[in-house]
Amino acid sequence: MKGFNGMRLVGSGLLAGWAFLAPRSWSWAQDAPGAQPAGPFGQLSGFIPFLLIFVLFYLLLILPQQRRQKKHRAMLEALKKNDKVATTGGIYGTVMSLSKEMVTLEIAPNVRIKIRRDAIADLRTGDDEESK
């Protein structure tokens with residue numbers, strides 16, 4: 001029994017080999033030297049899938065990350081005394097003093113630590129504090 005493109009069908013109903021999936025003409029493999037590629041974009045048509053993938057990565061990965069970084073930077077610049085914060089190491093505390101690169105946190109009564117400003121992960125609100 002003959003199948004697609006004259007290929008023989010195997011007894012189990014599967015086509016013999018996967019050659020039927022290959023396009024009939026691959027322009028990069030069969031063009032004569034010096035021939036102009038077909039299509040409205042010419043040689044650029046080979047790069048269009050790569051451009052689309054780059055645009056997709058930019059929209060799904062790079063742009064949201066840049067927005068998060070900008071928001072985090074703005075939060076760090078807006079820190080003030082008595083803000084309740086959480087650090088990247090999981091320490092919760094209250095801001096006691098600020099300098100350009102250092103923050104002094106009070107993590108327990110009369111227990112203060114100095115950390116880098118960029119080690120602060122986020123601001124805490126009164127709603128998410130533990131009940132005592």
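Nothing in this text is a laboratory measurement; each read-out follows from the coordinates by a stated rule. These figures come from a predicted structure and were not determined experimentally. Here Cβ is always computed from backbone atoms with ideal geometry, including for glycine, and neighbour counts include all displayed protein chains.
Okay, here's what the table says:
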| item | result |
| --- | --- |
| Cβ-Cβ under 7 Å pairs, at least 6 apart or on other chains, region 72-85 side more than 11 Å from residue 103 (Cα to Cα), far side polar (S, T, N, Q) | 82/94; 84/94 |
| Residues of region 77-95 classified as under 15 Å from residue 123 (Cβ atoms) and either touching a helix residue (DSSP H, G or I) at 6+ places or on another chain (Cβ under 8 Å) or surrounded by 10 or more Cβ atoms within 10 Å (Cβ to Cβ) (or both), total | 13 |
| Cross-chain or 6+ apart pairs with Cβ under 8 Å, region 98-119 first and touching a residue at least 40 places away in the same chain (Cβ under 8 Å) and at negative phi, then surrounded by 15 or more Cβ atoms within 10 Å (Cβ to Cβ) and of a type in the set (Val, Ile, Thr) | 117/103 |
